[in-house]
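Below you'll find the structure, written out as C-alpha cells, and then a few comments.
Every read-out reported here was derived from the displayed coordinates using simple, explicitly stated rules and does not represent laboratory data. A quick note: this is a predicted structure, and the numbers were derived from the prediction, not measured. Because the Cβ atoms are built from the backbone with ideal geometry, glycine has one as well, and the counts that use them run over all protein chains shown.
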Amino acid sequence: MSLTEPKSGSLERVTIPSDLSLLSEVIQGILRPAAAMGYSEDAIFGLNLALEEALANAVKHGNKKDPTKRVHICHCVSPQQAYIAVRDEGEGFDPRAVPDPTQEENLEKPCGRGIMLIRAYMDEVDFNESGNEVRMLLKVNKP
Amino acid sequence: MSASAASPGRLEIKTDLRDDAAVVTLRGPVSVADCGVLRREVDALVDRPLRLIVLDLSQCHFICSLGLGAIVSAHIRLRHNRGTIRLIKPPPGVTELLTVTRLNRLFDMFENLADALAASVAPKSD
C-alpha cells in the first residue's frame, strides 16, 4: 500500500462488530469534527459517502455480517485532510476485478457502485494486498 | 448550516397514492441503515402494480449506493409491468451523484411534481 497513516495529527481507532446499525455513530464521529474544522458541504458529502460505502462493504462483503467478526476503523481528521482506513476480518478480494458500474451494460445492476464512488469522491484510495483493508485520503483547502 | 450530511436527521418517507400513480417523498438522508425501509416501501408499490412512481428527491440531501440500488431494482421491476419511475430533482450533491454513477441516464428528472405527473407515460428509452 502506498497510502500510509499520517505521521502527525491525532489518530483515532474504533472497532465495531459487523452491524450496519452501528455505522451511523461511527460516521458522525468523523463528520462532526470535520464540519467543525470548516470542511465544505461538498467535502462532507464526499467523506460521508466514502465512509458509508467502505464500512458497508466491510460489514456486508468483508465480514459477511458475521457478528463474531469486527470492523477496524482508523481516522485522522485535520483542517488540511481526512485520512480513513477501514479493515475487515474477512478473506479479502481483488478490487480490480469489480466491474465498472458506469458502463452501459452495468447501469441497471442494483449493486457494485461502492468502490467506484469511493474512488470518485476521495483524492487517494489504496487497498492492501489481500483487499480487506482500504485507506482513503481527502484533501481539503486544495490550491 | 442547512440540512446536510454533517447534521443528518433521520429519513422520513411519505407516500401519496393517486389512481395508478404514487408519489414517494424522501426527506433526509438515505444511509445504509435506512435502505431497508426505502426498499420495502418502493417494492410494495411496485407489487401493486402502478403505472408511475414519482420519487421526490428534492429534500433528499444524501443517498448511499444501497439506496440507489433499491431505486434501480424498483425501476427494473416496474418496467416489466410497463411502468416507470421518475425523479424530482434532488439537491446538488445528490444530482451530482446521479451523474457520477450515470444513473441520470436511467431516469427522467423533473423540476417539480406537476411536471413529473404531466409528462407522457412513455418510459425513458435507452
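Just a few scattered comments:
- Considering only residues in the range A:33-43 that are touching a strand residue (DSSP E or B) at 6+ places or on another chain (Cβ under 9 Å) and more than 10 Å from A:A82 (Cβ to Cβ), the one that is farthest from the other protein chains (Cβ to nearest Cβ) turns out to be A:E41.
- Within the range B:45-69, considering residues that are within 14 Å of chain A (Cβ to nearest Cβ) and either in contact (Cβ under 8 Å) with a residue 40 or more places away in the chain or in contact with a Phe, Trp or Tyr (Cβ under 7 Å, 6 or more places away or on another chain) (or both), the one nearest to A:L23 (Cα to Cα): B:F62
- Residue count, the range A:16-44 (criterion: closer than 22 Å to B:I63 by Cα, assigned to a helix (DSSP H, G or I) and out of contact with any helix residue (DSSP H, G or I) (no Cβ under 8 Å at 6 or more places or on another chain)): 6
- In the range A:110-121, the residues that are part of a loop (DSSP other than H, G, I, E, B) and crowded, with 22+ Cβ neighbours inside 10 Å: A:R113
- Scanning the range A:100-109 for residues that are facing chain B (nearest Cβ under 9 Å) and either closer than 22 Å to A:A58 by Cα or part of a loop (DSSP other than H, G, I, E, B) (or both) gives A:P101, A:T102, A:Q103, A:L107, A:E108, A:K109.
- Residues of the range A:17-32 that are more than 8 Å from chain B (Cβ to nearest Cβ), crowded, with 17+ Cβ neighbours inside 10 Å and over 21 Å from A:Q80 (Cβ atoms): A:S18, A:V26.
- Scanning the range A:69-97 for residues that are more than 13 Å from the chain's Cα centre (by Cα) and within 30 Å of A:Y39 (Cα to Cα) yields A:R70, A:V77, A:S78, A:P79, A:Q80, A:Q81, A:P95.
Here's the yes/no breakdown for (1) in a helix (DSSP H, G or I); (2) over 24 Å from A:Q103 (Cβ atoms); (3) out of contact with any strand residue (DSSP E or B) (no Cβ under 7 Å at 6 or more places or on another chain):
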| residue | (1), (2), (3) |
| --- | --- |
| B:D16 | no, yes, no |
| B:T25 | no, yes, no |
| B:L38 | yes, yes, no |
| B:A44 | yes, yes, yes |
| B:R77 | yes, no, yes |
| B:I85 | no, no, no |
| B:E96 | yes, no, yes |
| B:T99 | yes, no, yes |
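- Test: residue in the range A:61-70 that is out of contact with any helix residue (DSSP H, G or I) (no Cβ under 6 Å at 6 or more places or on another chain), small (G, A, S) and within 14 Å of A:N132 (Cα to Cα): yes
- Flag for A:Q81 being more than 12 Å from chain B (Cβ to nearest Cβ) and of a type in the set (S, T, N, Q): yes
- Being assigned to a helix (DSSP H, G or I), crowded, with 22+ Cβ neighbours inside 10 Å and hydrophobic (A, V, I, L, M, F, W, C) is a description that applies to A:L47.
- Candidate set: the range B:7-36, residues that are loosely packed, with under 14 Cβ neighbours inside 10 Å and within 14 Å of chain A (Cβ to nearest Cβ); chosen: the one nearest to the chain's Cα centre (by Cα): B:G36
- Selection from the range A:57-76 of residues that are closer than 15 Å to A:I30 by Cβ and within 12 Å of chain B (Cβ to nearest Cβ): A:A58
- Residues of the range A:50-99 that are in a loop (DSSP other than H, G, I, E, B) and closer than 20 Å to B:S31 by Cα: A:N63, A:K64, A:K65.
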